[in-house]
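The next block holds one structure in the form of structure tokens; read it before the comments.
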Amino acid sequence: MKTFPVLTLAAASVMTAACGSSSPTGAPASTEGAPATAAGTLAPDFTGSDVSGKTFRLSDHLGKDVVLLDFWSTYCEPCKAEFPHLRAMYDGQRARGLLVVGVAMDGPETVADVPSFVKRFEIDFPVVTDEDSRIASLFNPKKSMPLSVLIDKGGRIVAVREGYAPGDEKLVAADVDKALGAPTP
């Protein structure tokens, strides 16, 4: 899993499972051409529609919640493996101020499958569709899946993680605990 700490990129390359990444799986990320949303920067605002047709605005949650954006698609196997962990983390931490937001990057050929996918996987956190890649262009220009972007209550990106392999959920949970202000075990 690649981790992008506040000022430096992770030096170690760890093998991960990822869908739709333009760089080889497990390859270290380059700072050249990195999105303006690298760790330590202010998260850009966006508005999207969730699967029930309601409007979701990131700015409505900044200053109130720690937000974990999770970029995924219905055809990404590592994304499917990650969902039970995201659901459990959301259920366990939302009372403390965590909001998980799924960003479905399905295109025109599969976007209609997103609502039934959400129901089948019992996803109870907000899921917005990004069929036109507008949100991905802000946070995930390589369109890596899964990709998580953790935003603190002040609106700063504090961690970006690409890919998912069993055990990575512990790393994400530690990032979330730190952003929520809880000591990590």
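If Leu68, Leu138, Leu42 are ordered by their accessible area, calculated over protein heavy atoms with a 1.4 Å probe, which sequence runs from highest to lowest?
Most to least solvent-accessible, the answer reads Leu42, Leu138, Leu68.
Between rounded, prolate and oblate, where does region 87-170 land on the alpha carbon gyration tensor, with a ≥ b ≥ c its root eigenvalues, rounded for a/c under 1.5, else prolate if a/b exceeds b/c?
oblate
Return a whole-number percent for the relative contact order of region 42-166, with Cα pairs under 8 Å and 6 or more residues apart as the contact set.
Relative contact order for region 42-166 comes out at 34 percent.
Quick check: pseudo-label points 7 Å beyond the Cα along Cα→Cβ at Ser137 and Ser116, how many nm apart are they?
Result for the modelled spin labels: 3.1 nm.
With label points built 7 Å along Cα→Cβ from the Cα atoms of Lys54 and Asp91, find their separation and express it in nm.
My value for the distance between the label points is 2.0 nm.
For Glu162, Glu77, Glu169, Glu131, give me the order by solvent-accessible area with a 1.4 Å probe, most accessible first, ignoring ligands, DNA and RNA.
Glu77, Glu131, Glu169, Glu162
Contour minus end-to-end for Tyr75 and Leu171, with contour as 0.36 nm per residue of separation and end-to-end as the Cα-Cα distance?
Extra length available between Tyr75 and Leu171 comes to 32.2 nm.
Could you please tell me the mean projected area of the C-alpha convex hull for region 136-185, averaged over all directions and given in square nanometres to one decimal?
Dividing the Cα hull surface by four gives the mean projection, 3.8 nm².
Compare the peptides 114-122, 81-89 by average per-residue count of other Cβ atoms within 10 angstrom and give them in order, highest first.
81-89, 114-122
If DNA, RNA and ligands are ignored and the probe is 1.4 Å, what is the ranking of Thr129, Thr74 by accessible area, most exposed first?
From most exposed to least exposed: Thr129, Thr74.
The values are calculated or read from the model by the stated rules, or taken from the named source; none is laboratory data. Since the model is a prediction, treat every value here as computed from it, not as a measurement. Neighbour counts run over all protein chains shown; Cβ positions are idealised from the backbone, glycine included. Just so you know, the surface numbers come from the protein's heavy atoms only, side chains and all, with ligands and any DNA or RNA stripped out. Shrake-Rupley method; radii C 1.70, N 1.55, O 1.52, S 1.80 Å.
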